[in-house]
Amino acid sequence: MSRVAVCGGTHGNELSGIYLVRERLKRREDGIEPVSVVTLMSNPRAVQLCVRYVETDLNRCFTRAALSAPVSEHSPYEMIRSQELNALLGPKGSAQAVDLLCDLHNTTANTGLCLITHSDRDWICLHICKHLQREMASTPVRYVHFDIPLDEAYSLDSVGKHGFAMEVGPQPHGVVRSVIFSAMQEGVQLMLDWICQFNSGTLFEGGSVDVFTMVKNIDYPRDPRTHMITAAVHPDLQDRDFCLLHPGDPMFLSFSGETLRYKGKEALYPFFINEAAYYEKGVALSLARKRRVEIPSVRSDTRR
Amino acid sequence: MASAFLPALGRLAVCGGTHGNELSGVYLVQEMERQRKEKGDGAWPIPVTTVLSNPRAVKECRRYIDTDMNRCFSRAMLSSPITDSSPYELQRAQELNNLLGPKESADAIDMICDLHNTTSNMGLTLIHYTSSDWVTLHICKYLQTKITKVPVRVLVLDFQISDAYSSDSVSKHGFTIEVGPQPHGVVRADIYFIMKEAVDMTIDWIHKFNSGTVFEGGDMEAFKFIKSIDYPRDPETRTLTAAIHPQLQDRDFCLLKRGDPLFLSFSGETVKYEEEEPLHPFFINECAYYEKGMAFHLAKRLTLTIPTVQVQKH
């Protein structure tokens, strides 16, 4: 793998990635042989204003349709920017795209560190996950999968041949917490170490990784007339990302004190519980199925 | 101990959404308005007015539209002429001053509770301008005995009322109910219900006081604001070069001593507290204060002595 991209500030108020990109650029950390690393700030205008986005969510602008839509100077800023990033790091789906794109994010949910991708059989991403799980002592590391075909994958990480969002929480938007920054910094360093070892011909033994595949989203209860939410995530569910949720378990506590329970038939794993940015998208939490995925041993082809 | 006889309190205003992304207060005002629709004025044992202070900012889930509303209530701001190009919040502050004030007049409402959230780990903190308003201090004392899930602390700012710039300075007795930690743009059930209990107990105290209950005086602990400390910043770009140190993060109101860590730079260096006087940090890592150049505030702990109070009989 010869070209890697580390992107921060895709959302302008998710500060760990923004400060990590600034730190890497200051220390000129790119260009570690034998892999070249591009470090960049995805949404500089949003970063400047410390907002998630200026006109539209940049991390929804990387579908094939969005990347090929005609843009003019009247187009939303993020639509123009996504095409710029695709030209720089892609084009998505082509042989010129970067080998690995790591997109840095924070969440207000108590997710620990998650690698989020649209594939559950990308052995590179799965091996990197396994490596982080082995090496990161104090941070839980999980693999989250959104089952979307490449053309419809809407996030920046889908531009690389391999890619993932590295999501670390909990951290309020607009705030940088030292331990969250350090966890993200450690995650990125371990990822780059793995790539260097891989490139030098190291054999990474196969094994298994637990993969959480997104099944559905659950919205907040809302007033039918005003659309305002009428309940908060229940205290028994708050902060319990990736703890199994059973039918009948409390989900919401209304502002007048009533408990609302999970009415699904299948026990599932909740995550992104109470993410600030998802209120406007109508998502209180996401639910996933967990399954064990077997991964083969991998070794780079160093024959020349 | 001799009692201080004080007039009965008439009306309470509960204000939420002074900052549009501090959601516990927004939803508590929504819930109180629902209760009023359901039960009429009998919803509470005293007259209560509920106000959504900054509706445009609430709609957009932002702290403010043009300018921080909670800095618009000084005497100077409230009397400045309004034009079409005035900041939205200044116009709205003057509207609220007409509704609940006028500030410093006999017509001003008796009490305002202004509801706020913070990203700092401050539990329930009750913020006042002065250290000599016996009514608000007695309410704090009462909340300290009634609320046990989180620490309940009293912060005094010691401003002159005319200079006081926040919305609670419009009323005769006013204070801010600040609950954290909660990210802006998020409502946490535990934080919401702490705020609700604080408002319910405030209403309870006022009702009991007006009905003749004698509230014993005594000593109480308070924290007095001394100064703010900014983050270490790059001299050219002014961006932060360090975050709050993990050993200080979430330790609001602890005692900070010389040599204790304050910041951990993004390149791994520790910056320490160099001053002689041990002080108590608070508003540690509050999101909204990055742009105001404040990493945390420092306070001195003091003991206030308040008299026994009861309502003046007519």
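The values are calculated or read from the model by the stated rules, or taken from the named source; none is laboratory data. Nothing here was measured: the structure is a model prediction, and the numbers come from that model. Cβ coordinates were reconstructed from backbone atoms using ideal geometry, including for glycine residues, and neighbour counts include every protein chain displayed. To get the accessible areas, we keep the full protein, side chains included, count just its heavy atoms, and leave off ligands, DNA and RNA. Shrake-Rupley method; radii C 1.70, N 1.55, O 1.52, S 1.80 Å.
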| Can you give the relative contact order of segment B:250-294 as a percent, counting alpha carbon pairs under 8 Å and 6+ residues apart? | 42
| message | Full-extension gain between A:Val38 and A:Asp193, please, as 0.36 nm times their residue separation minus the C-alpha to C-alpha distance. | response | 54.3 nm
| message | Per q in 0.08, 0.09 Å⁻¹, report the Debye log10 I(q)/I(0) for the protein assembly as shown, using one uniform scatterer on each alpha carbon and no solvent. | response | -0.63, -0.78
| message | Just to be sure I understand: with springs between alpha-carbon atoms less than 10 Å apart, which residue in A:Phe212, A:Phe198, A:Phe164 has the highest mean-square fluctuation in the Gaussian network model of chain A? | response | A:Phe198
| query | What angle, in degrees between 0 and 90 and rounded to the nearest 10, separates the Cα long axis of helix B:88-100 from the longest principal axis of the Cα atoms of chain B? | reply | 30
| In sequence order, what are the phi-derived ³J(HN,Hα) couplings for segment B:217-233 according to the Karplus relation 6.51 cos²θ - 1.76 cosθ + 1.60 with θ = phi - 60°, rounded to whole Hz, with x for glycine and proline? | x, x, 8, 9, 7, 9, 10, 10, 4, 10, 6, 10, 10, 8, 6, x, 10
| message | Output the 0 to 90 degree angle, nearest 10, between the alpha-carbon long axis of helix A:15-26 and the longest principal axis computed from the alpha carbons of chain A. | response | 20
| note | With Cα springs under 10 Å, the Gaussian network model of chain B assigns the largest mean-square fluctuation among B:Glu236, B:Glu38, B:Glu275 to B:Glu236
| said: Output needed for chain A: three equivalent-ellipsoid semi-axes, defined as square roots of 5 times the C-alpha gyration tensor eigenvalues, in descending order, whole Å. | reply: 32, 24, 18
| field | Accessible heavy-atom area order of B:Cys61, B:Cys15, highest first, probe of 1.4 Å | value | B:Cys61, B:Cys15
| query | DSSP loop GluC sites (Glu not before Pro) in segment A:160-208 with at most 14 other Cβ atoms within 10 Å of their Cβ, which ones? | reply | A:Glu205
| message | Skipping prolines and chain starts, which residues have an amide H placed within reach, meaning under 5 Å, of the one on B:Ala13, given they are 5 or more residues away or on another chain? | response | B:Thr49, B:Met111, B:Ile112, B:Cys113
| Spin-label point model (7 Å from Cα, Cβ direction): what's the B:Glu104 to A:Ala87 distance in nm? | 5.9
| C-alpha long axis of helix A:77-89 to longest principal axis of chain A, angle in ° | 30
| message | Can you compute the FRET efficiency between B:Asp158 and B:Arg36 using 1/(1 + (r/R0)^6), with r the Cβ-Cβ distance and R0 = 41 Å? Round to the nearest 0.05. | response | 0.70
| Normalised per residue, the volume of the convex hull around the Cα set of segment A:140-261 (Å³) | 189
| query | What whole number of Å gives the distance from the Cα centroid of segment A:109-159 to the Cα centroid of segment A:259-304? | reply | 9
| query | Which GluC sites (Glu not before Pro) does segment A:43-127 hold that lie in a coil by DSSP with at most 15 other beta carbons within 10 Å? | reply | A:Glu55, A:Glu73
| note | For segment A:209-304, the Cα convex hull volume per residue in Å³ comes to 138
| Under a GNM of chain B (C-alpha, springs under 10 Å), which listed residue has the highest mean-square fluctuation: B:Gln35, B:Gln94, B:Gln182? | B:Gln35
| For chain B, the longest site-free run once trypsin sites (Lys or Arg not before Pro) in DSSP loop states with at most 15 other Cβ atoms within 10 Å are removed | B:12-148
| request: Towards the positive end of the charge dipole of chain A, with charges on Cβ (+1 Lys, Arg; -1 Asp, Glu), say which of A:Leu244, A:Leu25, A:Leu203 has the farthest Cα. | output: A:Leu203
| query | For segment B:137-281, which semi-axes, largest first and in whole Å, follow from the square roots of 5 times the eigenvalues of its Cα gyration tensor? | reply | 35, 18, 17
| field | Peptide B:176-185, shielding by other chains (average Cβ, 10 Å cutoff) | value | 4
| Residue-averaged [θ]222 nm for chain A, counting only DSSP H segments that reach four residues, each worth -39500 (n - 2.57) | -7000 deg cm²/dmol
| Running Debye on segment A:81-160 with equal point scatterers at the Cα sites and no solvent, what base-10 log of I(q)/I(0) appears at q = 0.15 Å⁻¹? | -0.59
| field | Per-residue ³J(HN,Hα) for segment B:182-190, Karplus 6.51 cos²θ - 1.76 cosθ + 1.60, θ = phi - 60°, Hz, x for Gly and Pro | value | 8, x, 5, x, 10, 10, 9, 4, 5
